[in-house]
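The values are calculated or read from the model by the stated rules, or taken from the named source; none is laboratory data. Values in this document were obtained by computation on a predicted structure and should not be read as measured data. Cβ coordinates were reconstructed from backbone atoms using ideal geometry, including for glycine residues, and neighbour counts include every protein chain displayed.
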Amino acid sequence: MDTRFNHFVALLHGIKWEYRKSSEYTLSKDIKLCKFKGSYAEEIYLKLCKEYKFDDGDPFDYETYLIIGPRSDPKHAPHEQGPDSTISRLCNVISLTLSIPISWYRIIAVTKDLKYSGFTDDISLTYTAEHLDHYSKITLKSLNTIKNLWMSDCKLRKDYKKNSRIINSLDYYFYAWRAWNIDQTCINLAIVLETLFSPSSNTELSHRIAYNASKFMGNKKIIRKHIYDKIRDYYNLRSQIVHGEQPKFQLLIDSTPKILYFCTCVIKRILLDKHLIATFNNNKKRQELFNEWLFE
């Protein structure tokens, strides 16, 4: 492998580019989200498919890609595919914005003169976006949201390091949509909910988590009741899995995408509000908020 490489290109499958003002959008220094068609990334990828038979010589129909420059973060290397690597975090905020997992992405390392370095890797999912039907197009509105979420993510990790419930929820959200099976997706989403909405004690845990989550996202009684019931039902599935039972597979298929979407909305709302970030990262303030809801 050419050790001169200093850029990574991440080709994102299933995300359409509909931003017509430009073929690229800057998210932060050395990081851009770009249109794939007509780009140097497309040229490199098509050459890999033709000469090296990548993807069996049958190129995927990519429309969008990320370019990550050399000074963005030392943790962006492909072997750093944990939730706190730059590529993982970027894919996480894109998934949050579009409310849909990235079903496949290919990482290519390129040299300073934007040539293929000799390294590529592809990341695929077993549990993919096939059960979801949400907006998955890059527009000016979605680009602005991605940028705001990315800036919030970066600031959060700088200010709180690892001592943060929100960072923990982001990491387990990543594990949820990157899971190899739907059982693991279910467990990881439950951890997201527990991280954000668990009370200070373990008494009636599922009830309190469902209640707190419904109060946070429901603006009407009927909506809160619907959210509460769905989360309680989902916790029953989660409990069956962790206690060695086998829940009905169709129930997992039906409910998991809805809870994934719900967690997406929760995390987005928190990340885009400085007051909520401060509240959820402070156990005392978070518990005071829950107590206000409890005695309304």
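What pairs come up if the first residue lies in the range 89-108 and is among the aromatic types (F, W, Y), the second is in a strand (DSSP E or B), and their beta carbons are under 8 Å apart, counting only those six or more places apart or on different chains?
W104/D122; W104/I123; W104/S124; Y105/A10; Y105/L11; Y105/L12; Y105/D122; Y105/I123
Quick one: in the range 206-249, which of the residues that are among the aliphatic types (A, V, I, L, M) and surrounded by fewer than 17 Cβ atoms within 10 Å (Cβ to Cβ) is nearest to E288 (Cα to Cα)?
M217
Every residue in the range 169-205 that is surrounded by fewer than 18 Cβ atoms within 10 Å (Cβ to Cβ) and either under 23 Å from W293 (Cβ atoms) or at pLDDT 95 or above (or both), please.
S200, S201, N202, T203, E204, L205
Please specify each residue of the range 15-48 satisfying the condition of being within 19 Å of D122 (Cα to Cα) and of a type in the set (A, V, I, L, M).
Across the range 15-48, the qualifying residues are I15, L33, A41, I44, L46, L48.
Counting only residues that are part of a helix (DSSP H, G or I), under 25 Å from the mean Cα position of the chain (by Cα) and not small (G, A, S), which one in the range 1-54 is surrounded by the fewest Cβ atoms within 10 Å (Cβ to Cβ)?
Residue satisfying both the conditions and the ranking: E42.
Considering only residues that are aromatic (F, W, Y) and crowded, with 20+ Cβ neighbours inside 10 Å, which ones fall in the range 95-111?
Correct list: Y105 only.
Within the range 208-226, which residues are over 20 Å from R165 (Cβ atoms) and either at pLDDT 95 or above or in a helix (DSSP H, G or I) (or both)?
Listed by number, the residues that qualify are K221, I222, I223, R224, K225, H226.
Restricting to the range 150-168, what's the tally of residues that are exposed (fewer than 14 other Cβ atoms within 10 Å of the Cβ) and either in a helix (DSSP H, G or I) or within 17 Å of the chain's Cα centre (by Cα) (or both)?
Of the residues in that region, 3 qualify.
Give me a count of the residues in the range 249-296 that are outside any helix (DSSP H, G or I) and either under 22 Å from the mean Cα position of the chain (by Cα) or over 23 Å from I167 (Cβ atoms) (or both).
So the count comes out to 5.
Taking the range 273-284, which residues are closer than 18 Å to A213 by Cβ and either surrounded by 13 or more Cβ atoms within 10 Å (Cβ to Cβ) or among the hydroxyl-bearing types (S, T, Y) (or both)?
D273, L276, I277, T279, F280, N281
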